[in-house]
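Notes follow the structure.
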Amino acid sequence: MLRKLCSRGLQSLAALQGRCTASGLAATTLRAASSLNELSRPGSAAAASQVQAWSSASSTLLATPSLGLGLEAHQFRAQDPTTILGLFASQSRGHAAAAAAAAAVKKAAPAKKKKKAPAAAAGKPKPKAKAAVATKGRVRASPVKAKPRSKSTAAAARPRGRPRDVITAAGRKAAKAAAVKARQRVRAVAQRAREREALSLAKQRERAKAVAARRREREAERKQKQRDKLAAVKAKAKEKEAMRIKRAPSAWALYLQEHSRAVREGLPVGAATGAQRQVVVFKLLSERFKKLSDEERAHYQRRAAEVKAQRAEARAKAKAERGAKRVLSPYIRYFRDTYTATRAAHPELSATQAAAKLGEQWRALPAEQQQRYRDAADAERKAKGLPPPAAAAPTPPKAPAAAPAPKRGAA
């Protein structure tokens with residue numbers, strides 16, 4: 001097996017004669033050296049004899065000048081495997097150093113710039129296949145190279161850029177006029193915006209003023225209604241007070257009313273103020289009234305009786321006037337006729353309970369008996385010249401009760 005490996009390595013070295021590069025030769029040399037390294041390991045006597053036989057058989061191949069070992073055939077036979085391995089190793093180191101130096105020189109050299117193809121030519125596809133089809137079966141002639149163009153022709157063919165702007169006096173004047181017009185337009189737009197804003201603010205102020213005026217008017221109307229209502233209440237109360245017949249004063253009230261002003265004016269200035277002066281006046285007049293003689297007291301008592309009689313007469317007259325404007329209803333007439341008898345028959349009932357019982361009796365009374373009281377009320381109304389009562393509005397019929405909903409699950 002070892003013999004076969006070494007033979008293959010040496011055959012590879014022989015095959016590289018005249019066409020192997022430094023790097024390829026170094027790699028092949030290293031492979032052969034590794035094979036020989038396997039052979040150089042100490043082994044049995046049989047292995048040593050095999051190595052000697054292999055060396056003598058391959059001496060001619062190893063001694064070829066292309067391998068670069070520098071040994072003749074007879075010299076190679078005299079060398080042991082260890083020496084041959086050392087020669088291979090030194091040769092491989094030399095080749096590796098040469099390859100590293102060549103790589104360093106190549107890396108240090110500047111790279112050549114590639115020429116870029118024109119944009120138009122780069123965009124178009126290369127007509128290789130088309131040319132191959134067209135020339136199939138024919139002899140292809142070598143393409144004729146185009147003549148190089150001169151610099152002036154190339155400059156004329158090169159696309160020109162944007163021409164420079166030429167500013168003249170007329171152009172500057174036109175630009176200045178355009179700028180002035182633009183500023184005027186901006187000012188006009190700003191002026192219109194300010195006018196619209198001012199108009200909007202004026203309208204808002206007018207609306208606010210109108211709303212405030214309406215609010216003030218409503219507030220004034222509300223206050224005026226309150227004042228009118230209060231004035232009407234006061235006038236009604238004043239009229240009622242004037243029509244009301246007051247209670248008749250007593251002899252002491254008449255004496256107080258007659259002498260209170262003189263006593264109040266006769267008090268010292270710093271004696272009392274406000275309600276205290278009135279209290280002092282009451283006390284002084286009370287003491288004087290108690291010290292009056294019988295004749296003087298009888299005078300005030302007589303006057304009090306006269307005032308009381310006058311008030312009673314006025315009260316009776318007012319009652320008669322009020323009675324002349326109204327007529328007793330049929331129920332009130334029935335109530336007046338039966339109240340005394342009902343209270344006598346049921347003494348355990350209070351006045352309220354007796355009135356409730358009379359109401360039940362009136363509703364249960366037959367229509368013929370109720371008609372008697374209605375006729376008496378109509379006769380009194382005619383005698384006082386009062387108009388007949390307004391017809392009562394008919395009572396609307398009650399809506400029939402809705403039928404109860406059937407229970408869930410009923411057949």
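Computed from the coordinates by the stated procedures, all read-outs in this text should not be read as laboratory data. Note that the coordinates shown come from a computational prediction; the quantities given were computed from them, not determined experimentally. Positions of Cβ are generated from backbone atoms using ideal geometry, with glycine treated the same way; all protein chains shown enter the neighbour counts.
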Cross-link pairs Lys317/Lys384; Lys238/Lys283; Lys246/Lys291; Lys240/Lys317; Lys225/Lys319 - those with Cα-Cα distance over 24 Å
Lys238/Lys283; Lys246/Lys291; Lys225/Lys319
For a quick check: sort Ile245, Ile332 by the number of other beta carbons within 10 angstrom, fewest at the front.
Ile332, Ile245
Long-range amide H partners of Ala248 with built H, under 5 Å
none
Phi angles of region 310-315, converted by Karplus (6.51 cos²θ - 1.76 cosθ + 1.60, θ = phi - 60°) into ³J(HN,Hα) in whole Hz with x for Gly and Pro, give 5, 5, 5, 5, 5, 5
How do Phe282, Phe335, Phe289 line up, fewest other C-beta atoms within 10 Å first?
Phe282, Phe289, Phe335
Evaluate the distance, in nm, between pseudo-label points positioned 7 Å from the Cα of Ala235 and of Gln310 along their respective Cα→Cβ axes.
2.9 nm
